[in-house]
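What follows is calculated from the coordinates using simple rules that are stated; it is not laboratory data. Please read all numbers here as calculations on a predicted model, not as lab measurements.
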Amino acid sequence: MMAQTTMTSDQMFLNALDALDRETRINVGADAVLYRAGEQCDNVYIVNLSAHGVRVICDSPPLVGEAVKIELADSGLFEGVVRWRKQDNFGVHIFESIDVGLYYTPQEY
């Protein structure tokens, strides 16, 4: 029988962070337009974005694997594919890199 090693909560936390390997997200909180099959279909709300992804809220989220375009006012059109969805939220992997610095607004305290 092998000896069982015990992991501290700090080690578990660091392992979880490594597993995530996520890009930095910027909270956006902006209205946008969602296009499916090349046609405008929904007004949506952008929760946050990263260099290659967008988290979106809408009444009828697209299916996982569906190709979409998202138009954010004054920022252009982003093309991607839906990677996940849960209730009225969904995540889109964007094909071209997004300049997240354009969306970062320092907080005043």
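List of remarks:
- Here, region 25-103 is characterised by an Rg to Rh ratio of 0.91, where Rg is the alpha-carbon radius of gyration and Rh the Kirkwood radius.
- Long-range HN-HN contacts of VAL28 with modeled amide H, under 5 Å: ASN48, LEU49
- Annotation: amide H of HIS52 within the under-5 Å range of ILE98, sequence separation 5 or more or interchain, hydrogens built in the peptide plane.
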